[in-house]
Each structure stands twice: as structure tokens, then as C-alpha cells.
Amino acid sequence: MKTYSAKPSEISRKWYVIDASQNTLGRISTEAAQLLTGKGKPTFTKHIDCGDFVVIINSDKLKITGNKLEDKVYYRHTGYPGGIKSRTLKEQMSLGSESVIEKSIRGMLPVNKLRDGRLKRLKIYSGAEHNHSAQKPTILDLKKGKK
């Protein structure tokens, strides 16, 4: 028996909606990263992008546990000597909660040529409304599992 290898023309993509107000950042990020890579599909092929679309709503109501709002620090560098800048999670959330979720999911995806394409299929909204209802997305309840 030969090993199955998916072709780009054989890939079918589904749409999923995850509500960020129901779970913590880590649980949302791991589930979204798995859906974007397509690892749950039986037709998963490592070198072909066979993941699904993920829509995350209510990112401004994201649950954070413990003291992470004050303790977790995001660093960036300006490019100049001594130009390291830092922000806490609370400051980053006030600037835009979408970037916190996107950075978390980006860190969970494999670093290869497929990562940018996978991140383009990630849609994050701060409110409860999204404009992807025409695609008939499946709502994921992460507490009970899929569907």
C-alpha cells in the first residue's frame, strides 16, 4: 500500500468560529493553530497547506489567568543600539487585543514557507460580529470539543 500525499487541487477548506470570551488564550491558540495546519484531517500532508479558515470573535473579552496581565511582557527592538522596548500584556491588550491572539497563534505554527499563508486564513474580530456568515462557519465550543 502506498502512502497518501495530498495535492493542492484536492484540498477542501472549512470555516470555523471560535469565541474568545469562553476560554483562555492558550486553549484558543492551540486549537486555532491545529485547525490552520490541518493536523486533524486524515488527508494531512506536511509539505502541503491543507488547513482550514479560523474566525475568532470577541477578542476584547479574552480570558487571562493568574497574574499574566502584569507579568507577561512583549519585547520588540527598534533596530537602533539600546532600542529594546517592552510592554505588558495589559498595555498590549489596550492597544489591540487582536495582535495578542495573532502573536500567540503565530508562535504555535511551524516556521516554514507555509506559515504566512496559514496566517492569512486567520480572521480576528474584537466584537461578536463578523462578515463571514456567507461561508456558513461551524461554531466550535472548546469546552465540549468540536461542534
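Return the single residue from ALA134, ALA32, ALA20 with maximal mean-square fluctuation; model: Gaussian network over the chain, springs between Cα atoms under 10 Å.
Among ALA134, ALA32, ALA20, the largest mean-square fluctuation in the Gaussian network model of the chain belongs to ALA134.
What residues qualify as long-range amide H neighbours of ILE124, i.e. H under 5 Å apart, gap of 5 or more or another chain, H built at 1.01 Å from N?
Long-range HN contacts for ILE124: ILE56.
How about LYS136: which aspartates and glutamates have a C-alpha closer than 17 Å to its C-alpha, ignoring those fewer than 8 places off in the same chain?
Within the straight-line limit of under 17 Å, LYS136 reaches these aspartates and glutamates: ASP19, ASP52.
When only Cα pairs under 8 Å and 6 or more residues apart are kept, what is the percent relative contact order across the chain? Spell out each step's value before the answer.
Details: 227 pairs, mean separation 47.2, N = 147.
So the answer I get is 32 percent.
Of SER12, SER126, SER104, which has the largest mean-square fluctuation in a 10 Å C-alpha GNM of the chain?
It is SER12.
Say the cut-off is 30 Å between C-alpha atoms; which of LYS14/LYS61; LYS90/LYS113; LYS46/LYS103; LYS41/LYS85; LYS63/LYS85 go over it?
On the way: LYS14/LYS61 25 Å; LYS90/LYS113 32 Å; LYS46/LYS103 22 Å; LYS41/LYS85 40 Å; LYS63/LYS85 25 Å.
Exceeds cut-off: LYS90/LYS113; LYS41/LYS85.
Could I have the simple spin-label model distance between HIS130 and THR88, label points 7 Å from Cα toward Cβ, reported in nm to one decimal?
Rounded to a tenth, the inter-label distance reads 3.1 nm.
How much length would be gained if the chain were fully extended between ILE139 and VAL73, taking 0.36 nm per residue of separation minus their Cα-Cα distance, in nm to one decimal?
Details: separation 66, 0.36 × 66 = 23.76 nm, distance 3.15 nm.
The ILE139-VAL73 span can extend by a further 20.6 nm.
Of the DSSP beta bridges with both residues in segment 43-147, give the percent that are antiparallel, rounding to the nearest 5. Numbers along the way, then the final one.
On the way: 6 of 9 bridges.
Counting only bridges with both partners in segment 43-147, antiparallel ones make up about 65 percent.
Within segment 1-48, which chymotrypsin sites (Phe, Trp or Tyr not before Pro) sit in a loop by DSSP and count at most 16 neighbouring Cβ atoms inside 10 Å?
Numbers: sites: TYR4, TRP15, TYR16, PHE44; in loops: TYR4, PHE44.
Hits after loop and neighbour filter: TYR4, PHE44.
Every number in this text was worked out from the coordinates using simple rules, so none of it is lab data. Quick caveat, the model's predicted, so the values are computed rather than measured. Cβ: placed from backbone, ideal geometry, glycine included. Neighbour counts: every protein chain shown.
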